[in-house]
Every structure is written in C-alpha cells, then in structure tokens.
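Let me begin by presenting the structure, written as structure tokens, before commenting on it.
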Amino acid sequence: NNELVHDCKRTILAVHDVMDVIGGKWKISIVAALIFGKRRYSDILKEVNGISGKMLSRELKEMEADQLISRTVMDTHPVTVQYELTEYGETLKPVINHLAAWGFEHRKRLIG
C-alpha cells in the first residue's frame, strides 16, 4: 500500500512537471503547430486561434528557454524569424498525437 501511495505521488509530481513546461492555454497548441514543421511567427499567430501577438512572443520565449523550440533569424528583407521543435521538443510528438486522438474521440462521443 505504501508503494502504491509512493507511485501515485511520483506520477502526480511528473504530471506537474509536464504542466509547468507545456501547461497553460497556448503551449500545447504551439507545439502542435510546430509538429508539422518550421513555422514563421505570423504562421503560428494565424494557426493558433485566439492568441495575441504579445502572448505568442512570451510563450515562444519560454519554450525556447525550456529547449523545446529553436528560433532562427533569416537574413531577409524584412527579417524573417522561423521557429521549429528542437530534438528535445520532438519528444513531445507522441504526447500531442495521443492528446489529439483522445480529443477526436471525445468530440465524436459528445457530438455524435
């Protein structure tokens, strides 16, 4: 029984760690957009419905600090900035795919 309680606490702690990194309203959506490849800032802004430019900038900075994404400044006029998942960020793909699959099923269940 003690082992069960210990496993439960460890699992909850691990989930909290995940939510610290990709929790909130926007980060999972940003990762989901980047699963499909490199994106410019303006592309992400269009694809992630409802996010403001200020919030997107903040989330991208945090995700870069957490080593989930990389930012590349292109030498174009005007300057183009591209974002992509890092190798570490790519490890979230199965998580996002499982969440999406669950979401599709949940929507079907509710809507029919």
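For the chain, adding -39500 (n - 2.57) for each run of n ≥ 4 DSSP H residues and dividing by the number of residues yields -20000 deg cm²/dmol at 222 nm. Charges were assigned to the Cβ only: +1 to each Lys and Arg, -1 to each Asp and Glu. The resulting dipole of region 1-44 about its Cα centre is roughly 340 debye. In the set (1) 30, 19, 12; (2) 38, 13, 11; (3) 24, 22, 10, the label that goes with semi-axes √(5λ) of the Cα gyration tensor in Å computed for this structure is (1).
For the chain, set up a GNM with springs between Cα atoms under 10 Å and report which of Lys27, Lys38, Lys54 has the largest fluctuation. Of Lys27, Lys38, Lys54, the Gaussian network model singles out Lys54 as fluctuating most. In the chain, what percent of the accessible surface is made up of carbon and sulfur (1.4 Å probe, ligands and nucleic acids excluded)? Carbon and sulfur atoms account for 57 percent of the accessible area of the chain.
Probing with 1.4 Å while keeping every protein chain in the model, the per residue accessible area of the chain equals 74 Å². Dipole orientation for the chain: of the candidates Ala100, Val15, Leu110, Leu110 has the Cα lying most toward the positive pole (charges on Cβ; Lys, Arg +1; Asp, Glu -1). A Gaussian network model of the chain, with springs between Cα atoms under 10 Å, assigns the largest mean-square fluctuation among His77, His16, His98 to His77.
Ordering Ile69, Gly24, Val48 by Cα displacement along the dipole of the chain toward the positive end leaves Val48 in first place; charges were set at the Cβ atoms of Lys, Arg (+1) and Asp, Glu (-1).
The values are calculated or read from the model by the stated rules, or taken from the named source; none is laboratory data. Not measured: the values here are computed from a predicted model. We place every Cβ from the backbone using ideal geometry, glycine too, and count neighbours over all the protein chains shown. Heavy atoms of the whole protein, side chains included, go into the accessibility calculation; ligands, DNA and RNA do not. Shrake-Rupley method; radii C 1.70, N 1.55, O 1.52, S 1.80 Å.
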